[in-house]
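S.K.: Mind looking over this structure? Questions follow.
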Amino acid sequence: MTQIQRQVFDAEARAIPFIDEGEGPALVLIPAQGLDVAYLGGLASILEEEGFRIVRIGSRRPGGAAASMHDLAQDVVDVLDHLGVGSAWIGGHAFGGAVARTVALDHPGRASGVLLLGVEAARALDDDAARALHSAFSAPVDAPDTDAVRALVGPGISIPVAWDVFARSRDLDVEELQSAALASTPVAEWASLASSLPILIIQGAVDPITPPANGDDLQATAADRTSVVRLPDAGHLFPMTHPGETAFQIEDYLGWD
């Protein structure tokens with residue numbers, strides 16, 4: 001098997017990390033807020049084995065000018081240009097899906113469809129979900145808040161194994177930049193769906209951060225071209241904890257052999 005190599009697209013000192021693996025129809029995976037592309041490795045590996053070209057694209061580094069959601073979408077397109085990928089399914093987990101939607105809105109012709117792994121919404125999280133998310137991102141590597149981790153991964157998942165992957169994938173340097181991008185961009189410019197494109201929404205049935213209701217509400221705005229799947233007992237981090245089930249739904253929907 002070819003060794004997977006992390007690369008950096010550094011035009012204009014943006015230092016955007018990406019991993020390009022596999023051959024076949026291209027699918028972009030953009031991580032959730034405050035996370036590196038590493039936790040999507042299991043999902044990417046399965047999809048690559050099934051004949052996809054998977055391009056994982058992370059966030060630019062902070063330090064330059066403030067970025068909007070449009071800037072982060074442009075980053076994705078610039079990496080695809082660098083790789084010679086004309087069009088692709090653009091997918092993302094939570095915040096990454098918000099970036100994916102912005103790519104589809106801003107760059108007609110570059111998205112063949114949009115894959116949303118959990119749906120980011122403009123409304124605030126409830127208090128328990130917000131506390132769990134904050135605790136999971138602030139806990140020391142050697143002292144996880146097990147209740148917070150359980151809230152993110154759902155039942156039946158090994159806390160030590162999940163924490164090991166999650167903690168190593170935390171990318172706190174970019175979280176403030178991403179929060180500012182959301183805050184500075186009008187909601188309609190990232191939260192709506194580009195016209196005509198097919199949309200696949202996969203949701204964790206017990207996800208408190210991007211709850212299934214978010215996806216149901218979004219589907220209602222384009223019911224004729226939006227499909228929704230719920231993964232039983234899956235929490236917010238289902239792309240990491242349920243990579244096989246997630247990959248199956250993607251492959252089944254896209255119908256690529």
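S.K.: Taking Rh as the Kirkwood radius computed over C-alpha pairs, what is the Stokes-Einstein D of region 21-130 at 10 °C in a medium of viscosity 1.306 mPa s, expressed in µm² per second?
M.R.: Translational diffusion coefficient: 111 µm²/s.
S.K.: Give me Trp163, Trp89 sorted ascending by neighbouring Cβ count inside 10 Å, so fewest comes first.
M.R.: Listing Trp163, Trp89 from fewest to most nearby Cβ atoms yields Trp163, Trp89.
S.K.: How big is the gap, in Å, between the Cα center of region 202-257 and the Cα center of region 127-180?
M.R.: 20 Å
S.K.: For region 54-65, in order, what is each residue's ³J(HN,Hα) by Karplus, 6.51 cos²θ - 1.76 cosθ + 1.60 with θ = phi - 60°, in whole Hz (x at glycine and Pro)?
M.R.: For region 54-65, the Karplus-derived couplings read 9, 10, 8, 10, x, 8, 4, 7, x, x, x, 5 Hz, x marking Gly and Pro.
S.K.: Oh, and also: Identify which of Gln219, Gln178, Gln203 has the largest mean-square fluctuation in a Gaussian network model of the chain, with springs joining Cα atoms closer than 10 Å.
M.R.: Maximum among the listed residues: Gln219.
S.K.: Still on this model: Antiparallel as a % of all DSSP beta bridges within the chain, to the nearest 5?
M.R.: Roughly 25 percent of the beta bridges in the chain run antiparallel, per DSSP.
S.K.: For region 92-220, what mean projected area does the convex hull of the alpha carbons give, in nm²?
M.R.: 8.4 nm²
S.K.: Among Glu12, Glu251, which comes first, second and so on when ranked by fewest other beta-carbon atoms within 10 Å?
M.R.: Ranking Glu12, Glu251 by Cβ neighbours within 10 Å, fewest first, gives Glu12, Glu251.
S.K.: What ranking do Tyr253, Tyr39 get, fewest neighbouring Cβ atoms within 10 angstrom at the top?
M.R.: The order, fewest Cβ neighbours first, is Tyr253, Tyr39.
S.K.: Along Cα→Cβ, 7 Å out, is where each label goes; now give me the distance between the ones at Ser227 and Leu125 in nm to one decimal.
M.R.: With each label placed 7 Å out from Cα toward Cβ, I get 3.0 nm.
S.K.: Another question, then. Treating the chain as a set of equal point scatterers at the Cα positions, no solvent, please give the Debye-formula log₁₀ I(q)/I(0) at q = 0.08, 0.15, 0.16 Å⁻¹.
M.R.: -0.27, -1.05, -1.23
S.K.: If we restrict to alpha carbons, what Rg and Dmax does region 180-253 come to, in Å?
M.R.: 13.4, 37
S.K.: Would you mind telling me which residue in Gly84, Gly22, Gly34 has the biggest mean-square fluctuation in a Gaussian network model of the chain, where springs connect alpha carbons within a distance under 10 angstrom?
M.R.: Gly84
S.K.: So which residue, out of Gly97, Gly244, Gly64, gets the largest mean-square fluctuation from a GNM of the chain using Cα contacts under 10 Å as springs?
M.R.: The residue with the greatest mean-square fluctuation here is Gly64.
Just so you know, all these numbers are worked out from the coordinates, no wet-lab data involved. The shown structure was predicted, so the numbers you read here are calculated from the model rather than taken from an experiment. Don't worry about glycine lacking a Cβ; one is built from the backbone with ideal geometry, like all the others, and counts go over all protein chains shown.
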